[in-house]
Amino acid sequence: MVLLEFAMSPLSKGESVSAFVTRSLDIIDKSGLPYQLTPMGTIIEGEWAEVMAVVTACYEKMSSDCDRIATTIKIDYRAGASGRLKSKVASVEAKLGRKLST
């Protein structure tokens with residue numbers, strides 16, 4: 001199972017790019033995969049092919065009308081483990097003995 005964190009934004013569309021990011025979030029949400037939106041990117045959980053298909057779909061949508069795109073991707077693969085999108089945070093909170101702002 002893979003946790004993939006990525007951020008993708010156009011470089012040629014001015015200072016505010018939320019309209020382009022929104023299109024990617026629509027793709028991510030409709031994928032059916034568990035995800036978490038953060039201020040700096042989105043984390044998706046699934047099998048390798050599933051999460052990469054989502055990133056590819058986001059790229060294809062953005063490249064349809066953006067001449068330059070910046071993308072960062074981090075991947076954490078762990079065989080057999082699922083539900084880590086929430087369990088990794090829960091584990092840290094349990095060790096601290098309190099809830100964190102997430």
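The values are calculated or read from the model by the stated rules, or taken from the named source; none is laboratory data. This is a predicted model, so every value here is computed, not measured. No Cβ is skipped: glycine too gets one built from the backbone with ideal geometry, and neighbour counts run over all protein chains shown.
In region 60-88, the residues that are without any contact (Cβ under 8 Å) to a residue 60 or more places away in the chain form Cβ pairs under 8 Å with partners that are of a type in the set (Val, Ile, Thr), at six or more places apart or across chains, as follows: Lys61/Ile27; Met62/Ile69; Ser63/Ile69. The single condition among (1) at pLDDT 90 or above; (2) touching an Asp or Glu at 6+ places or on another chain (Cβ under 7 Å); (3) aliphatic (A, V, I, L, M) that Leu85 does not meet is (1). Considering only region 62-74, state which residues are surrounded by fewer than 13 Cβ atoms within 10 Å (Cβ to Cβ), closer than 15 Å to Val51 by Cβ and not polar (S, T, N, Q). Within region 62-74, Lys74 is the sole residue that qualifies.
Before we move on, is Ser31 surrounded by 11 or more Cβ atoms within 10 Å (Cβ to Cβ), touching a residue at least 12 places away in the same chain (Cβ under 8 Å) and not charged (D, E, K, R)? For Ser31, the condition - surrounded by 11 or more Cβ atoms within 10 Å (Cβ to Cβ), touching a residue at least 12 places away in the same chain (Cβ under 8 Å) and not charged (D, E, K, R) - is met.
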